[in-house]
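Down below is the structure, laid out as structure tokens.
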Amino acid sequence: MKHSLLAATILLASSNLSAATIVNDETSFKQAMTQANENITINEIVFAKNARINLSAPIIYTGKQDLSLRGNGVLIDGQKAGGFSIAKDLTATTKDGSLVFNSSGNISIEQLTLLNSASRGIVINIPSDAIGDDIQVSLDKVRVFHSALYGLHIDDNADEFDTGMLGSNIGIKLTISSSSFVANGVGAIDFDGIRVDERSKGSITAVITDTHIDANGADGIELDEAGEGDVNATFKNVTLNSNGFYNMRDLDDGFDIDEAGEGDVNVTISHVQANNNMDAGLDFDESDAGSINASISKTKVNGSYDDGIQLSELGTGHIEVTLKKVSVANSTNYGVKIEQWLVKGEDQIAEKPGALKTKKLKLKNNGKDNQMKLHNMNLN
């Protein structure tokens, strides 16, 4: 037996299962996860090559150790795994997901496709008492299609409705490569392709490369941080197209950042397309005490139903933005809107202007006569 296969075996602790067992159906998947929940020495689950698995219930991880899922091309259908309820105000709530990780251990998933989740697709719930190093979530060659709610949800918010400021004292480090999150959030309002909620202490750090985040009902991706911490995002070779259509009364963006509290927004974007999103293409908001630092290059934003690129800083803080080889076209409102406010609607400017640098910026067929909308910004 090859060394790689020996390393891949996952049920060594079980007295009634073979050491060579590989996951190939729902029963063996549940057994493998049960073993990982009960035995901290198990840190890897490996699937048979190109397995096809139909779930009848969520698969839930509750262990404390790091865990890797090696998909080997597995296709998992979550159509019958869990569900959700909708209140009178149309708010949807659930504790379900096709793959649920209730842990602060690092989670790694590769070469796995998840389809038709009845609620959320992949869910990582961070315990509110988690301490120590930031959780690392790594996805490589992962595809999540047609989830009713979030495609991927990383939740460090103790509130069921994702309000408030209570969460753990650790941050979130998310790495996604060569993956797709398409047509999620199509079962209820305000569910994104990818959603990261971080509260209390800790920052969000997201590095996403060579990935498609398209045709999701709410935002393509939303990074939501409140409390003590920053949002750090690096995107390269990413598409953020045709998102935000599900709720016609409150349309959503391609890429949305909301940062509240003491923390900055630091963004580096290159070779990104954000086309035909129903609100803004790129929408970064920082409120309270914090700044926005953004470098956007070799990026195309087309057909936004609101502003193409929108950055807003409210309260004590500063904006510094560089737009290099950026094209913004066919936005219903402004192609570029960047506003820095100490107090929204202020009559007199009370703080140092922000800085906007442009090189080879192209604005075409946007509303407002292709003029940029700037407040308290110096254009260089």
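The values are calculated or read from the model by the stated rules, or taken from the named source; none is laboratory data. Please read these numbers as outputs of a predicted model, since none were measured by experiment. Positions of Cβ are backbone-derived with ideal geometry, glycine not excepted, and every protein chain shown enters the neighbour counts.
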Filtered residues of segment 43-80 (kept if in a loop (DSSP other than H, G, I, E, B) and of a type in the set (Lys, Arg)) = Lys49, Lys64, Lys80
Residues satisfying the stated conditions in segment 303-328, i.e. in a strand (DSSP E or B) and β-branched (Val, Ile, Thr) = Ile309, Ile319, Val321, Thr322, Val326, Val328
query = Just checking, which of Leu114, Leu139, Leu149 is aliphatic (A, V, I, L, M), outside any strand (DSSP E or B), closer than 22 Å to Ile208 by Cα and out of contact with any helix residue (DSSP H, G or I) (no Cβ under 8 Å at 6 or more places or on another chain)?
reply = Leu149
note = Checked segment 273-295 for anything within 19 Å of the chain's Cα centre (by Cα), surrounded by fewer than 24 Cβ atoms within 10 Å (Cβ to Cβ) and in a strand (DSSP E or B); matches are Gln273, Asn275, Asp285, Ala294
message = Which numbered condition in (1) over 17 Å from the mean Cα position of the chain (by Cα); (2) modelled with pLDDT of 95 or more is the only one that Gly164 fails?
response = (2)
query = Given the structure, is Gly244 assigned to a loop (DSSP other than H, G, I, E, B) and within 17 Å of the chain's Cα centre (by Cα)?
reply = yes
key: Selection count where residues are buried (at least 22 other Cβ atoms within 10 Å of the Cβ), hydroxyl-bearing (Ser, Thr, Tyr) and either modelled with pLDDT of 95 or more or on the phi > 0 side of the Ramachandran plot (or both), scope segment 167-191   = 1
Only one of Ser104, Ser108, Ser119, Ser128 that is of a type in the set (Ser, Thr, Tyr) and closer than 18 Å to Gly185 by Cβ = Ser119
query = Restricted to segment 343-372, and to residues that are of a type in the set (Gly, Ala, Ser) and under 15 Å from Val321 (Cα atoms), which residue is surrounded by the fewest Cβ atoms within 10 Å (Cβ to Cβ)?
reply = Ala355
message = Restricting to segment 218-238, name every residue that is buried (at least 21 other Cβ atoms within 10 Å of the Cβ) and farther than 14 Å from Leu174 by Cα.
response = Ala218, Asp219, Gly220, Ala226, Gly227, Gly229, Val238
task = Would you tally the residues in segment 305-338 being crowded, with 24+ Cβ neighbours inside 10 Å and in contact (Cβ under 8 Å) with a residue 40 or more places away in the chain?
result = 6
ask   = When segment 268-294 is examined, which residues are found to be more than 25 Å from Phe245 (Cα to Cα) and β-branched (Val, Ile, Thr)?
value = Thr268, Ile292
key: Odd one out for Val144, checked against (1) assigned to a strand (DSSP E or B); (2) out of contact with any Gly (no Cβ under 7 Å at 6 or more places or on another chain); (3) hydrophobic (A, V, I, L, M, F, W, C)   = (2)
message = So for segment 83-95 (the condition being closer than 30 Å to Gly132 by Cβ, crowded, with 18+ Cβ neighbours inside 10 Å and modelled with pLDDT of 95 or more), does at least one residue qualify?
response = no
query = So is Ser331 among the small types (Gly, Ala, Ser), assigned to a strand (DSSP E or B) and more than 20 Å from the chain's Cα centre (by Cα) or not?
reply = no
message = List pairs: first residue in segment 11-37 and in a helix (DSSP H, G or I), second residue at pLDDT 50 or above and of a type in the set (Ser, Thr, Tyr) anywhere in the structure, Cβ distance under 7 angstrom, at least six positions apart or on different chains.
response = Glu26/Ser56; Ser28/Thr21; Met33/Tyr61; Ala36/Tyr61; Asn37/Tyr61; Asn37/Thr62
ask   = Would a scan of segment 213-226 turn up a residue that is at positive phi, in contact (Cβ under 8 Å) with a residue 40 or more places away in the chain, touching an Asp or Glu at 6+ places or on another chain (Cβ under 9 Å) and small (Gly, Ala, Ser)?
value = no
